Amino acid sequence: MTIPSASEDVPQDRRGKPGRPLGPIADGAGAAHRAWLEPLRDAFHDSGLTLDELRLRTGRPKSHLSELLRAVGRYPRWTFARAVLMALRPRVPYETMRLRWVMAARHAGKKTSWIKDCLHEDRGGPVAPARQVPLDYLAFQEMHRPRYRRYAAVFLRRPALVDRAVADVFTLLLLLWHDALASENPERFAWPILRQTVLERAPKEDGRLSLAQTAFDTVALATAPDPLGQIGESMALFRAVAELAPMQRDVIVLRHLCGMEDGEAAAELGVSLASVRSTERHAKRNLHTILHPASTAEEGHPRGLDR
């Protein structure tokens with residue numbers, strides 16, 4: 001979708017019309033944000049429009065337009081950015097600008113659900129027609145969806161929540177597929193999207209990730225001679241798992257809660273087998289330290305993890 005420059009439909013005698021100068025981009029704006037904002041600003045300067053004229057074209061308040069064009073305030077929703085895009089019509093293709101907006105939204109820490117909802121507000125929708133979906137993307141989806149669901153189920157528990165989270169991951173990944181293929185490893189590119197999407201929807205306790213529900217669904221608890229005593233032990237263990245660094249937690253979840261072999265976990269994470277084994281050793285030592293701070297850290301299999 002290529003759009004002509006906005007300056008082409010501005011009369012010559014109105015170009016360069018004086019108005020309040022547009023301030024610079026805020027210092028806090030990152031490279032991803034600038035990637036789509038700078039073409040918009042260039043188009044605004046080239047058009048000769050004033051902010052008041054841009055207000056008439058977009059129906060947005062001048063103060064909001066000024067904030068968007070300077071990267072001040074909250075990261076803008078796609079409908080707002082799109083309205084300015086359609087009014088200014090920069091020379092960068094529409095699809096490229098939308099992709100850059102998505103990438104910047106991720107860098108801004110926006111949730112996958114927020115990004116997806118913003119894109120669905122676009123009448124075109126976020127997903128290309130089926131005939132345009134790349135075959136390698138479809139193969140990736142078919143290969144990884146079952147294990148993505150197993151990972152999500154550890155945190156979300158309810159099948160409907162699991163299905164929705166995984167569907168949102170693949171919706172966003174389709175938009176970013178070109179970048180995934182251009183990356184060193186598509187699996188490694190995709191995994192943080194899955195983790196972020198799942199954890200932003202997972203139960204929290206005092207603002208922290210909670211695995212309390214998962215603690216009640218373990219082999220150790222089901223076979224314990226003293227179920228009440230095992231509940232306390234399992235709860236403590238799963239609180240410790242939740243406190244691990246992200247990659248250590250992921251390896252423990254994949255290996256001991258999803259039941260994956262170390263090679264299978266490595267393939268999902270997009271890392272080497274040696275990396276998974278090393279991360280698992282460090283994770284187990286950290287779990288022992290958290291659970292038994294007064295004792296000497298030991299390697300070993302934390303009791304109660306297997307499901």
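Worth pointing out:
- Scoring 22-31, 177-186 by mean Cβ neighbours within 10 Å over their residues and listing the highest first yields 177-186, 22-31.
- Set of lysines with alpha-carbon distance to LYS62 below 23 Å, sequence-local pairs under 8 removed: LYS17
- Cβ-to-Cβ counts within 10 Å put HIS64, HIS292 in ascending order as HIS292, HIS64, the fewest first.
- Cross-link reach list, lysines versus LYS204, counting only Cα pairs under 29 Å and skipping chain neighbours closer than eight places: LYS110, LYS111, LYS116, LYS284
- Over the Cα atoms of region 6-108, the radius of gyration divided by the Kirkwood radius equals 0.94; this is the Rg/Rh ratio.
Read-outs: derived from the displayed coordinates by stated rules, not from any lab. Keep in mind that this is a model prediction, so the values were computed, not measured. Every residue, glycine as well, gets a Cβ built from its backbone with ideal geometry; the counts of neighbours run over all protein chains shown.
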